[in-house]
1. Could you tell me which residue of region 42-64 is farthest from Ile118 (Cα to Cα), considering only residues that are without any contact (Cβ under 8 Å) to a residue 60 or more places away in the chain and open to solvent by less than 70 Å² (accessible area, probe 1.4 Å)?
2. Return only the number of the condition from (1) buried (at least 17 other Cβ atoms within 10 Å of the Cβ); (2) out of contact with any Ser or Thr (no Cβ under 7 Å at 6 or more places or on another chain) that Glu131 does not satisfy.
3. With Ser156, Ser173, Ser112 as the choices, which residue is modelled with pLDDT of 75 or more and crowded, with 16+ Cβ neighbours inside 10 Å?
4. Name the single residue that is surrounded by the fewest Cβ atoms within 10 Å (Cβ to Cβ) among those in region 83-109 being of a type in the set (Ser, Thr, Tyr) and over 21 Å from Asn165 (Cβ atoms).
5. Can you name the residue in region 66-77 that is touching a residue at least 40 places away in the same chain (Cβ under 8 Å) and open to solvent by less than 50 Å² (accessible area, probe 1.4 Å) and is also farthest from Val137 (Cα to Cα) among such residues?
6. Which is of a type in the set (Val, Ile, Thr), touching a helix residue (DSSP H, G or I) at 6+ places or on another chain (Cβ under 7 Å) and at pLDDT below 85, of Thr81, Thr17, Thr27?
Amino acid sequence: MKGVDYMKGRTKKLIQTYLVLLLLVFTWFGGAFQVMAKSSPRVIVIDPAFQEVADDSKEPVGPGAFRTSDEASSGNVGATTGYPEYELTLQVALKLKADLENAGYEVILTRSSNDVNISNSGRAMIANMFEADLFIVVSAKEEGNGSSGVQVVCQSEDNPYNYGNYEDGRLLSDTILGSISRSEERRVGKECR
């Protein structure tokens, strides 16, 4: 019984530490968000990636696409902590939402509980329905895959679904990465697709 209590305490401590680190990263984004806030009120949609029960149904990867992917996943489970990724992403998104609302943004979450069934395209539709200025997907990278730090994904210029948004997306991606690398010496990754 003592071993179980020890692991629960250790798991809780690891999760708290991880969340604090993620919140520090989001705090670094503050400079980029402050610039946006001064020009006009902005709508930000945050998608806490994953959900409690996966939906293996297939959906197109973009409008009119023939290639498909699973509609929704439950994510990974922490190897050390046993903490599910769908819960971690929701907790981070709730904290980020509160911080951004305190900074004056209108913030919408694609989900506020784990007991949902929302496809990836459904999450994008929510952002489109609210005419989001920014769509943030909170996800955790799998440890052991050789990555660390922060990754910002932006659409590529030749992505058939970008509808002329590449320049703005790339500018924001570069601004976020620049503010992080100036604030802290970390290895950061950037992927455009």
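1. Val61
2. So Glu131 meets the others, but not (1).
3. Being modelled with pLDDT of 75 or more and crowded, with 16+ Cβ neighbours inside 10 Å holds for just one of Ser156, Ser173, Ser112, which is Ser173.
4. First pass over region 83-109, keeping only residues of a type in the set (Ser, Thr, Tyr): 83, 86, 89, 105.
So of that shortlist, the ones also over 21 Å from Asn165 (Cβ atoms) come out as 83, 86, 89.
Working: Tyr83: 19, Tyr86: 23, Thr89: 24.
Looking at residues that are of a type in the set (Ser, Thr, Tyr) and over 21 Å from Asn165 (Cβ atoms), I get Tyr83.
5. The selected residue is Ser69.
6. Numbers: Thr17 fails: touching a helix residue (DSSP H, G or I) at 6+ places or on another chain (Cβ under 7 Å); Thr27 fails: touching a helix residue (DSSP H, G or I) at 6+ places or on another chain (Cβ under 7 Å).
Just one listed residue meets the conditions, Thr81.
The values are calculated or read from the model by the stated rules, or taken from the named source; none is laboratory data. Remember, it's a predicted structure, so these values are computed and weren't measured experimentally. Positions of Cβ are generated from backbone atoms using ideal geometry, with glycine treated the same way; all protein chains shown enter the neighbour counts. Surface areas here come from the heavy atoms of the whole protein model, side chains and all, with no ligands, DNA or RNA. Shrake-Rupley method; radii C 1.70, N 1.55, O 1.52, S 1.80 Å.
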